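Any read-out appearing in this document is the output of simple, stated calculations on the displayed coordinates, not a laboratory observation. These figures come from a predicted structure and were not determined experimentally. In this analysis, Cβ positions are derived from the backbone assuming ideal geometry, glycine residues included, and neighbour counts consider all displayed protein chains.
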Amino acid sequence: MQIIKSFSVKILLSMSIMCGQNIITKDYLRTISQVGAFIYLEYGISNENEQISANNKPNEFDTFFRNSLKWKNEDIEKANFASDILIYGAFLGSIPITPMLSFKDYKEILLLNLDVMSTTGIITNTVKMLSKRQRPSSYFGILDEGKESHRSFFSGHTSLAFSIGTSNAMLLSKIFPEKKNVIWVANIGLASLTGFFRIAADKHYMTDVIFGGIAGYLIGKAVFNRYNGKIPLISLKMINNTPYVNLSFNIK
């Protein structure tokens, strides 16, 4: 059973809004803004000169999996390279490709993919800046991570892999329903492998990867559902020439 709570907030805008503005145009502007925010959070902000808490000792759970899954020091760059190949090649690389397989308009699916990427990036980087968890490679003195040393929680590679992988799986399962199981196993399998390589490269702890995977899955599913007409998270309407912002939430 699904319970839907909707809130409508009346907003008086100081600038005029064209009533005939195309919803796609609004999506373009919103997505471009999100991508810009993601890039700024990813590359424009540094924690290097901030006061960081010294209490970064890993818990027993993370210590156990670091000792079990981390590769030898001379091999961790190989694991890091493998995780980069997966995230940039298989997942981010799929952003302009999957729209070609859809029966919908190419631009609509491209916007969906960019929305998934940017929403995940914004949430992930915000959590990283708030948590300021030290990477294991930095904490144990394996590598000098510089400004990236306190951006461990949660894993950005993993959250992006799971969000894009989930969205891709939902899209491709609609196009090829007879191959649904293979599609999901392939996408979630590659996303999980990305998380494994982040631990093997000593970039993240197991909890960083677990929470990154959960966050990515939820974000990918939520954004995909919004683009398919299932209760938009945020929508703008004109009622009697008055702009309204509608905020909707799904609670299952």
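Quick notes
- Placed amide H near ARG151: partners under 5 Å, 5+ positions off or other chain: ARG135
- In a reduced charge model with +1 at each Lys and Arg Cβ and -1 at each Asp and Glu Cβ, region 145-197 shows a dipole moment near 160 debye about its Cα centre.
- Here's how it looks for ASP202: its modeled amide H is under 5 Å from those of TRP71, which are all 5 or more places away or on a different chain.
- Taken along the Cα-to-beta-carbon direction at a fixed 7 Å, the label points for SER102 and LEU130 span 2.9 nm.
- Pairs of Lys residues in region 109-227 are counted when their Cα atoms are under 18 angstrom apart and they lie 8 or more places apart or on different chains; the count is 7.
- Residues in region 61-69 carry Karplus couplings, in order, of 4, 5, 4, 4, 6, 5, 5, 7, 10 Hz; the curve used is 6.51 cos²θ - 1.76 cosθ + 1.60 with θ = phi - 60°, and Gly or Pro positions show x.
- Using the Karplus relation 6.51 cos²θ - 1.76 cosθ + 1.60 with θ = phi - 60°, the per-residue 3J(HN,Hα) values for region 181-195 come to 5, 5, 4, 5, 4, 5, 5, 5, x, 5, 5, 5, 5, 4, x Hz, with x marking Gly and Pro.
- The listed peptides 167-175, 182-190, ordered by packing as a protection proxy, come out as 167-175, 182-190 (highest mean of other Cβ atoms within 10 Å first).
- Size of region 114-208: Rg and Dmax of its alpha carbons, in Å, are 15.3, 49.
- GluC sites (Glu not before Pro) restricted to DSSP loop in region 142-192 with at most 12 other C-beta within 10 Å: none
- Per-residue Karplus couplings for region 29-41, computed as 6.51 cos²θ - 1.76 cosθ + 1.60 with θ equal to phi - 60°, are listed in order as 5, 5, 5, 4, 5, 5, 4, x, 5, 4, 4, 5, 5 Hz, Gly and Pro entered as x.
- Net charge in the neighbourhood of ILE199 (other residues with Cβ under 10 Å of its Cβ; Lys, Arg +1, Asp, Glu -1) is +1.
- Using the average count of surrounding beta-carbon atoms within 10 Å as a protection proxy, the listed peptides 80-88, 64-72 rank, highest first, as 80-88, 64-72.
- Whole-number Å³ per residue for the convex hull built on Cα positions in region 36-155: 126 Å³
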